[in-house]
Amino acid sequence: MFDGAKQVLVTVRDDASRSREAWLTAAWQLAAVLLMAAALGLSSNQLRTTGLPLIGNWSPEAQLTMESGDSLAISLADAEWTYYAHSAVFLDARSPMLYDEGHIQGALNLPWEELDARFVETLQDFPVETTFITYCDGEGCSLSRELAMAMLERGYNEVRVLVNGWTLWQNKGLPVDKGLAATLVSQ
């Protein structure tokens with residue numbers, strides 16, 4: 001009887017040992033496959049002429065840096081100075097509804113979504129040499145950047161972006177307005 005129990009114990013131990021070995025083999029193979037896939041992906045990325053950067057600065061300010069090294073970003077202090085000096089036109093890139101709820105006093109509303117339909121109407125009275133400051137709300141908001149890039153493509157070279165402009169402007173207690181009065185440039 002003792003020999004039979006011993007035989008069962010040895011069989012159970014052998015099964016457990018084989019099961020453990022199978023799991024270790026599977027884990028090792030998975031690690032090897034993942035390592036080879038990563039190496040293949042990195043190699044492929046390096047060989048491509050349009051490879052993706054492995055390390056990058058994805059901050060809003062970095063996204064506003066042109067190939068020439070010039071930045072489209074403007075600080076709140078500089079935007080405030082240009083506002084009080086009346087040396088720039090502020091463009092709110094948000095929707096008319098958000099503009100109506102509140103905007104920088106004197107800013108025009110040129111929503112990115114309506115750019116093609118409203119571009120000429122909104123900017124027809126301004127020469128291309130005019131300095132514009134675009135803004136929207138939130139550091140992740142890209143509407144002001146997209147608007148600035150579209151303006152650059154259309155020949156307006158003095159365009160800056162106030163990142164997180166609406167929030168920063170309000171938090172500093174700078175002049176704001178409500179309503180749609182400033183959306184119409186001429187009547």
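The values are calculated or read from the model by the stated rules, or taken from the named source; none is laboratory data. Remember, predicted model here, so these are calculated numbers, not experimental data. Cβ placement follows ideal geometry from the backbone for every residue including glycine, while neighbour counts extend to all protein chains displayed.
Some notes on this structure:
- Residues of segment 149-170 include at least one that is farther than 21 Å from residue 72 by Cβ and assigned by TED's automatic domain parsing to the domain that holds residue 83.
- Residue-level check: of (1) under 15 Å from residue 165 (Cβ atoms); (2) loosely packed, with under 15 Cβ neighbours inside 10 Å, residue 73 misses just (2).
- Some residue of segment 129-139 being in contact (Cβ under 8 Å) with a residue 60 or more places away in the chain, surrounded by 14 or more Cβ atoms within 10 Å (Cβ to Cβ) and within 19 Å of residue 166 (Cα to Cα): no
- Scan of segment 62-108 for residues that are assigned to a strand (DSSP E or B) and aliphatic (A, V, I, L, M), ordered by number: 73, 89, 91, 104, 108
- Taken over segment 110-129, the criterion of being out of contact with any Leu (no Cβ under 8 Å at 6 or more places or on another chain) and in a loop (DSSP other than H, G, I, E, B) is satisfied by 124, 125, 126, 127, 128, 129.
- Residues in segment 1-50 that are of a type outside the set (A, V, I, L, M, F, W, C) and at pLDDT 75 or above: 13 in all.
- Evaluated against (1) of a type in the set (A, V, I, L, M, F, W, C); (2) crowded, with 20+ Cβ neighbours inside 10 Å; (3) not in a strand (DSSP E or B), residue 149 falls short on exactly one condition, (2).
For (1) loosely packed, with under 12 Cβ neighbours inside 10 Å; (2) over 22 Å from the mean Cα position of the chain (by Cα), each residue gets a yes or a no:
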residue	(1), (2)
112	no, no
123	no, yes
155	yes, yes
178	yes, yes
